[in-house]
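The values are calculated or read from the model by the stated rules, or taken from the named source; none is laboratory data. In this text the structure is predicted, and so the values were computed from the model without any measurement. With ideal geometry, Cβ positions are generated from the backbone for all residues, glycine too; neighbour counts draw on all protein chains shown. The protein model used for the area step is the full one, side chains on, heavy atoms only, and it has no ligands, DNA or RNA in it. Shrake-Rupley method; radii C 1.70, N 1.55, O 1.52, S 1.80 Å.
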There are 2 protein chains.
Amino acid sequence: MTYSPPTFLDIQKAAERIAPFANITPVLTSSTINKMAGKKLYFKCENFQKVGAFKFRGACNAVFSLKDNEAAKGVATHSSGNHAAGLALAGKLREISVHVVMPRNAPKVKIEAVKGYGAKIIFCEPTLEAREASLNQVKNETGAVVIHSYNDERIIAGQGTVALEFLQEYPDLDTLIAPVGGGGLISGTCVAAKGINPNITIIGAEPRGADDAFQSLKKGEIIPQTNPQTIADGLLTTLGDKTFPIIREHVEKILTVSEEWIVRAMRLIWERMNIIVEPSSAVVLAALLEHSEEHVGNHIGLILTGGNADLDNLPW
Amino acid sequence: MTYSPPTFLDIQKAAERIAPFANITPVLTSSTINKMAGKKLYFKCENFQKVGAFKFRGACNAVFSLKDNEAAKGVATHSSGNHAAGLALAGKLREISVHVVMPRNAPKVKIEAVKGYGAKIIFCEPTLEAREASLNQVKNETGAVVIHSYNDERIIAGQGTVALEFLQEYPDLDTLIAPVGGGGLISGTCVAAKGINPNITIIGAEPRGADDAFQSLKKGEIIPQTNPQTIADGLLTTLGDKTFPIIREHVEKILTVSEEWIVRAMRLIWERMNIIVEPSSAVVLAALLEHSEEHVGNHIGLILTGGNADLDNLPW
C-alpha cells in the first residue's frame, strides 16, 4: 500500500475534531526581540496548550479519530515526554484506557503528570528496544491501538492545526519556523501552511547536537539520530518514514543551533516575554539569532512548542 | 481644598487616553489551580503589560494628562521599581524628559531598564528622606512635574483601567482580589469595579511582613509601614492619603499571607500557567489558598501585577 500523507483537508478536519478540547493559543510579540532580530516576529504559544505542549493536538486528533469499536480497548504509546501527557489527557476526555510505556529513569515530574491524567504506566529499561518490546506486549495483552508520537498521519494532521490557527490569525506571515524532533510538528506545519499560502517559506530549527534532520535532508534519506547531545530534550528522535517525505518536499532549510544559543534564546523569551518555555521551544529563536546572516523573511512566525521546563534545574 | 477622588468617568477617560500605548492584557485560567481552590479563578495578566507591569497604565495616564506647557519641562519621580520603568517609557512616548531618583543600591537590572527607556537617573542614598530630598532638588532645578508612584489621582485612575478591562471581558466576576502596596492599584480597582457592578466584592492581599493596609483598616487611620520584611518587593510602601479613603470605603477585607505561601503560589503560577510573575503578583493567589476557610465568591478575578522576577535568584 502506498503511503498517502495527510492533506490540508485532514488538518481542517482535525481542527474541528479537537476544537471542543484544545485551547486556541495566543500569539505574542516582543518589541525588544524584534529589535534584536531586525524583523517582526510572532510567537505562537503552545506552552499555553493543554498539558503545556502542542503534543495534545495530535494526541487528541488521534484518539477522537478512532471508531468506537477501535477505541473500546484503549490506546497505547511509548514516550517519556509531552506526547505521553497529551495522550493520557485525550484518552481521559474520551473515557478510554491509556497505556504508556515509560523508561524507569523518566523524570518524576513527567511520570506524575501522566499518572495525574489517569493513564496506566508500564515501566521498562531506558532503551528503544525495551520500550518497543514493552509496547508490543501491552498491545498484545490489551488490544489497545498504538499511537506513535510522530510517525502517524493522525498525529501529523493534529500538529498541523498549530499552523492552521496561526495563519488564520496572521495570514501575512512570509515564513514559519518550527523545531524538528521526529518531524510530526514540522510536517503538519508544511501541509497546513502550504495549503493556505503556497509561497510561504518553512524553516526547521534543530540542535547541532541532534541534527539528524539536517543530515537526512543533505543525504536525501533518513539518517538515524544516534547519541544526541542537547538540552532540548524534546528533539532527540529520528525522522520517521511518514514525516521525512513531507519535510523533504516542503522545508526550505534546516538551521542548526548551538547549546549556548538555545540557552540564550530561552532566557530571552523568559525575560522579555514573561512566559515559560522549555529548551526545545527556544531552538526556533536561537536559529534566527545565531544565523542572523541567513536570508529569511521579514514577518516570521515561530512556534513555541511547550512550557514544561524543570524549575529546579534552569540552564543559567 | 477638599480632596476629590477619581471617578468612574476618570477611569473611562484614562482608558481612552492610554489605549494607543498600553496592551490589552490577556486573562488566563488554570483547571488545576481551579481544582485546588475549589472555585473558578480568572487571572488578569499585567505581566504582559508594557514594561512588564500594570504600573505603565498609571504612568501613561499621568504623562498624557499633562497640558503641553506642563509636559514641556518633563516629569520626575522617585522609585526603584516598576513605576520608574513605566514613567520612563510613558515619557519617551510623549517625547519629554523623565527624571528618576533611584537609590544607589537599586537592582542593576531595574536601573538598566529605566536607562533603556532613555530616562535620566539621579542616584541617592537608600533612605526615604534622601529620595525625597533628591526629588525636590530635581523639581527645583528642572521644573519637572512630580508624579508620585501611587498617591496621585491620575495614577489611581490609570491603574483602575485594569479592572475596567477585566470586567468588560468578564462581567460575571463576583469578587476581585488585588495586592496592596501603596494602594494605587486597589483604589483604582475599587472605583472601576464598583462603577460597573456595585455588588462586587473587592479583597486586598498583603504580605504579613508588610501589613500596613491591614493594620490601617483595623485602626481606621493610616499606619505607616516600618521595616517591611517580605519577598514581595512591590508591596513595601505605606498607604497614601489619596488611596486610603477609597480603600476604607470599598475594600471588604485584607487577607495577609505568609512568605511560604507567596513562594508556593508563585511557583504554582509558573508551573501550571507557564507564565512568569514576580513575588508581589503571587500574593493574590496565596491569599486565596492560605485562607481557604474564608468566605469569598465563586468567580474570582485575580490581578497578576507584574513579571519582573530575577531569574538568577529564584526563591525555591
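Looking at (1) part of a loop (DSSP other than H, G, I, E, B); (2) within 14 Å of chain A (Cβ to nearest Cβ), find the lone condition where residue B:232 falls short. Against the list (1) part of a loop (DSSP other than H, G, I, E, B); (2) within 14 Å of chain A (Cβ to nearest Cβ), residue B:232 comes up short only on (2). Here residue A:267 does not qualify as at the interface with chain B (Cβ under 10 Å from one of its Cβ atoms), open to solvent by 40 Å² or more (accessible area, probe 1.4 Å) and touching a Ser or Thr at 6+ places or on another chain (Cβ under 8 Å).
Within the stretch B:14-24, the presence of at least one residue that is in contact (Cβ under 8 Å) with a residue 12 or more places away in the chain, within 14 Å of another protein chain (Cβ to nearest Cβ) and buried (at least 21 other Cβ atoms within 10 Å of the Cβ) is confirmed. For the stretch B:273-314, taking the residues that are within 14 Å of chain A (Cβ to nearest Cβ) and modelled with pLDDT under 95, the one that is surrounded by the most Cβ atoms within 10 Å (Cβ to Cβ) is identified as B:308. For the stretch A:189-210, filtered to residues that are part of a helix (DSSP H, G or I) and either touching a Ser or Thr at 6+ places or on another chain (Cβ under 8 Å) or open to solvent by 10 Å² or more (accessible area, probe 1.4 Å) (or both), the residue that is nearest to residue A:248 (Cα to Cα) is A:191.
Being touching a helix residue (DSSP H, G or I) at 6+ places or on another chain (Cβ under 8 Å) and not in a helix (DSSP H, G or I) is not true of residue A:186. Look at residue B:76 and say whether it is touching a helix residue (DSSP H, G or I) at 6+ places or on another chain (Cβ under 9 Å), touching a residue at least 24 places away in the same chain (Cβ under 8 Å), within 14 Å of another protein chain (Cβ to nearest Cβ) and outside any helix (DSSP H, G or I). No: the conditions fail for residue B:76. Scanning the stretch A:44-73 for residues that are closer than 10 Å to residue A:90 by Cβ, within 14 Å of chain B (Cβ to nearest Cβ) and open to solvent by less than 10 Å² (accessible area, probe 1.4 Å) yields one hit, A:56. Output the residues belonging to the stretch B:253-264 that are assigned to a helix (DSSP H, G or I) and open to solvent by less than 10 Å² (accessible area, probe 1.4 Å). Selection gives B:262 alone. Taken together, the residues in the stretch A:265-291 that are outside any helix (DSSP H, G or I) and closer than 21 Å to residue B:277 by Cβ amount to 5. Residue-level analysis places residue B:216 outside the set of residues that are within 14 Å of chain A (Cβ to nearest Cβ), of a type in the set (S, T, N, Q) and open to solvent by less than 30 Å² (accessible area, probe 1.4 Å).
Based on this model, can you work out whether residue B:175 counts as out of contact with any helix residue (DSSP H, G or I) (no Cβ under 6 Å at 6 or more places or on another chain), among the β-branched types (Val, Ile, Thr), more than 23 Å from residue B:13 (Cα to Cα) and free of Cβ contacts under 8 Å to residues at least 24 places away in the same chain?
Taking the combined requirement at face value, the residue does not satisfy it.
Does residue A:81 meet the test of being closer than 18 Å to residue B:31 by Cα, not hydroxyl-bearing (Ser, Thr, Tyr) and not assigned by TED's automatic domain parsing to the domain that holds residue A:225? No: the conditions fail for residue A:81. Of the residues making up the stretch A:25-43, those that are of a type in the set (S, T, N, Q) and either in contact with a Ser or Thr (Cβ under 9 Å, 6 or more places away or on another chain) or open to solvent by 10 Å² or more (accessible area, probe 1.4 Å) (or both) are A:29, A:31, A:32, A:34.
Taking helices (runs of 4 or more DSSP H) as the structural unit, those lying wholly within the stretch A:89-180 and holding at least 3 residues that are within 27 Å of residue A:304 (Cα to Cα) and open to solvent by less than 30 Å² (accessible area, probe 1.4 Å) correspond to A:153-169.
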